[in-house]
1. Each residue of region 46-56 in turn: what ³J(HN,Hα) in whole Hz from Karplus with 6.51, -1.76, 1.60 and θ = phi - 60°, glycine and Pro shown as x?
2. What list of ³J(HN,Hα) values in whole Hz, one per residue of region 58-69 in order, does the Karplus curve 6.51 cos²θ - 1.76 cosθ + 1.60 (θ = phi - 60°) give from phi, with Gly and Pro shown as x?
Amino acid sequence: MALVGKRVAQIDTKCNRDAFHRLLRVLEGEIMQIYKRIAANVRADQNGGNCLVTWTVEYEKINEDVPDPDSIIDIAYNLTKDIETHHLK
């Protein structure tokens, strides 16, 4: 099931020389029919020549029959790998 978030709010962005953090919250769209709330946090921390990216998905289901948002986790993973590939060129 591919559900879409039509309106996403950028709640918070923090950026400095060694770290980047962004919180995105879905406000409306098909996905809100099965989740009371859903948000994604992405954080990138620089440590010397290495960078660690951490994604966290926070959500509350309408009921227990609703599946976990695995597709969002897959998108986050693929996006991170694409960015890594680009930076390693």
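1. Here the 3J(HN,Hα) series is 8, 9, x, x, 9, 9, 10, 10, 10, 10, 10 Hz.
2. Along region 58-69, the couplings run 10, 8, 10, 6, 5, 8, 5, 6, 6, x, 5, x Hz.
No value in this document is a laboratory result; all are computed from the given coordinates. Just so it is clear, the model here is predicted, and its values are computed rather than measured.
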